[in-house]
Amino acid sequence: MHGKRGSKRSGMGLRGGKEMILQALYDYYQRKAADPESGIAPEGFEWKEIPFVIVIDQVGNFITFEDTREGDGKKKRAKKYLLPKSIHRPGSNSWMTSFLLWDHYGYVLGHARGESDKDQEMAHKQMPTFIKKIQALPSEVKEDEGVIAVIRFYENGGYEKVKSAHNWSECAKIVGCNLSFRIDGESDLVPCRDAVRKYVASQCSDNTDGVSGLCLITGENAAIARIHSDTPINKDSKKFVSFQKSSGYDSYGKEQAFNAPISKSAEFAYTTTMNMLLGKESKNKVQVGDATTVFWSQKQDAFEEVFPALFGYPKDDPDADVKAVRALYEGVNTGHANMDSDTRFYVLGLAPNSARISVRFWHTGTIAEFAGNIRRHFDDLAIIRSV
């Protein structure tokens with residue numbers, strides 16, 4: 001802890017020392033956010049793959065159905081866009097919550113995930129919710145040409161024409177395929193337009209739950225996040241922090257997350273960091289046994305590049321582990337990595353369980369301590385041959 005955050009911590013802590021982990025994740029987000037080249041999502045947004053885009057003209061007429069995926073067969077990857085952040089959708093009433101100007105085909109087109117009556121009924125309720133959210137935007141946002149075009153797309157029944165596109169069947173094969181809109185002749189999606197982005201950014205300070213408190217991570221008095229976002233791990237999606245709503249766990253009448261307050265801003269920061277570290281393209285992730293292990297340093301350091309190779313070499317570089325071990329022994333002299341650095345390094349082992357993401361292990365220390373322990377490990381394994 002540093003600064004004034006250390007003096008304002010509540011006695012109602014999270015179990016298992018997770019406060020320390022959340023603090024480190026939060027600080028890592030701040031480090032990345034300060035680097036314009038990092039590409040980490042700003043508050044209120046997330047990077048999301050959109051496999052298909054509905055291309056419309058400025059008056060809302062359907063033009064074409066664009067496939068953004070690249071690659072062959074199962075290796076096809078959809079293009080990622082920086083979009084307004086998705087929202088938690090609770091249980092049987094999930095149809096009442098939609099995302100802004102993007103969502104899966106149930107909300108965007110009223111297309112059901114399956115053939116059952118329940119699926120059909122759900123899709124029938126989802127699209128009106130999606131349209132209603134767009135129509136409820138402030139007038140200054142609805143004056144944007146892209147937003148106007150989307151509104152007209154629904155008014156003109158354009159959504160009925162999308163399924164006649166030659167490649168619609170490819171979209172329908174993807175369960176819960178995400179869709180969005182683009183104006184013909186432009187490169188950005190409608191939810192990426194300046195008017196929409198400014199609106200989303202302005203909503204980040206909104207306190208719809210009406211509950212404020214001292215955040216356990218920042219020490220600031222701010223709006224408290226009632227429900228924390230999910231994080232994908234091992235083809236599953238769980239929460240890293242979740243709370244039960246029960247009189248047996250509530251304290252002083254404070255329910256769920258209000259009992260261990262984390263601000264909406266801090267919740268966004270740590271969950272965004274988790275999503276980045278656990279992402280498909282993350283270089284800060286290795287598999288150790290049955291635990292998915294992520295790691296990062298307090299400040300930018302070459303040790304982040306050396307560390308993963310110690311757990312096995314990548315297919316495109318079979319000598320990576322050898323190079324990593326050599327760097328441990330020669331790093332200080334060669335300058336390849338500053339192995340005597342006092343920069344702190346963090347290693348977090350995670351695994352999903354039935355309710356949430358569980359912490360298998362949590363190690364922190366300086367890079368010099370980590371490097372020294374690893375060198376000692378290889379020294380202990382050395383085979384001494386007779387002369």
Legend entry - Cα centre as origin, Lys/Arg/Asp/Glu Cβ charges: region 45-203 dipole, Debye: 560 debye
Inset, instruction - Determine, for each peptide in 157-166, 114-123, the mean count of other beta carbons within 10 angstrom over its residues, then list the peptides with the highest first. - result: 157-166, 114-123
Legend entry - In order through region 48-58: 3J(HN,Hα) via Karplus (6.51 cos²θ - 1.76 cosθ + 1.60), integer Hz, x for Gly, Pro: 9, 6, 10, x, 10, 10, 8, 8, 10, 8, 6
Legend entry - Residue pairs, from the table LYS75/LYS125; LYS238/LYS283; LYS76/LYS238; LYS85/LYS299, whose Cα atoms sit over 30 Å apart: LYS75/LYS125
Legend entry - Separation of the MET20 and GLU37 label points, Cα + 7 Å toward Cβ, nm: 3.3 nm
Legend entry - Zone of ASP184's modelled label, taken as backbone nitrogen in region 134-151 under 18 Å from a point 7 Å along Cα→Cβ: 145-151
Inset, instruction - Figure the gain on full extension for VAL211 and LYS132 (residue separation times 0.36 nm, minus the Cα-Cα span) and round it to one decimal in nm. - result: 25.8 nm
Inset, instruction - Can you tell me the relative contact order of region 45-203? Whole percent, Cα pairs under 8 Å, sequence separation 6 or more. - result: 33 percent
Legend entry - Rounded FRET efficiency, nearest 0.05, which uses the C-beta distance separating ASN353 from ASN373 and R0 of 25 Å: 0.30
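FYI, it's all coordinate maths here, none of it is from the lab. Predicted, not measured: the structure shown is a model, and the values here were computed from it. Quick reminder, even Gly has a Cβ in these numbers, built from the backbone with ideal geometry, and neighbours come from all protein chains shown.
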